[in-house]
Amino acid sequence: MNHYATLIRERWMAMAPASYAEISDKEQFFAGLGETMLTAVHQLTHQLTPTPASEDYLEQVGRLTMAKKQAEEIALSEVPWPAVEVTSDEAREEWESTRPQESGLAEWMQSLDRPLMEHELQELAAAWILPVEFLQGMSESTSPMTYLDSHSAEISMSQQLRYSRDLQNH
């Protein structure tokens, strides 16, 4: 395998380990991609290097090096890359960083100047996957944030269920 094949193989393993594992003959597959890229780089390098009327040695080396780098960039962009795979840990981490926070719910309940209506409790229960009784207790608490803190097991279960639901919906 040439150095392009090795580069493609390493990127493929990093981007999509499951897809990489499914390739039956990795040597042949990546050697073929490496040869295709090598051919493309040679052809593109020649296309990108017009010969000027006069130049010294250093100018020629610079021109040829720049042409080769540009050719490599173009050829790499044409490699059939797999879709980037996200590990379950990465998916959960992303979900955690973008999900609505329970503290926001507690702050909203604290700011209400009225009791929640039954249909509001039902909607919140469905959205947060929490029992209506839990949300009612939280809304009636003098400190919804303290209520949240003292019911961490229920919140943890809600988070897991919401994560599972979001995975199924996407």
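Look through region 155-170, keep the residues that are surrounded by 14 or more Cβ atoms within 10 Å (Cβ to Cβ) and not β-branched (Val, Ile, Thr), and return whichever of them is modelled with the lowest pLDDT. Spell out how you get there, then give the answer.
Taking region 155-170 first, the residues surrounded by 14 or more Cβ atoms within 10 Å (Cβ to Cβ) are 155, 158-159, 162-163.
If we keep only those that are not β-branched (Val, Ile, Thr) too, we end up with 158-159, 162-163.
Working: Ser158: 94, Gln159: 94, Arg162: 94, Tyr163: 91.
For region 155-170, the residue satisfying everything is Tyr163.
Filter region 112-152 down to the residues that are surrounded by 14 or more Cβ atoms within 10 Å (Cβ to Cβ) and not in a helix (DSSP H, G or I) and list them by number.
Residues satisfying the conditions are Leu116, Ile129, Leu130, Ser141, His151.
Within region 103-123, does at least one residue satisfy the condition of being among the hydroxyl-bearing types (Ser, Thr, Tyr) and within 29 Å of the chain's Cα centre (by Cα)?
We begin by selecting, within region 103-123, every residue among the hydroxyl-bearing types (Ser, Thr, Tyr); these are 103, 111.
Going one step further and asking which of them are within 29 Å of the chain's Cα centre (by Cα), we end up with 103.
Yes: region 103-123 contains one or more residues that are among the hydroxyl-bearing types (Ser, Thr, Tyr) and within 29 Å of the chain's Cα centre (by Cα).
The values are calculated or read from the model by the stated rules, or taken from the named source; none is laboratory data. All values derive from a computational prediction rather than experimental measurement. When we count neighbours, we look across all protein chains shown, and the Cβ atoms used for this are built from the backbone with ideal geometry, even at glycine.
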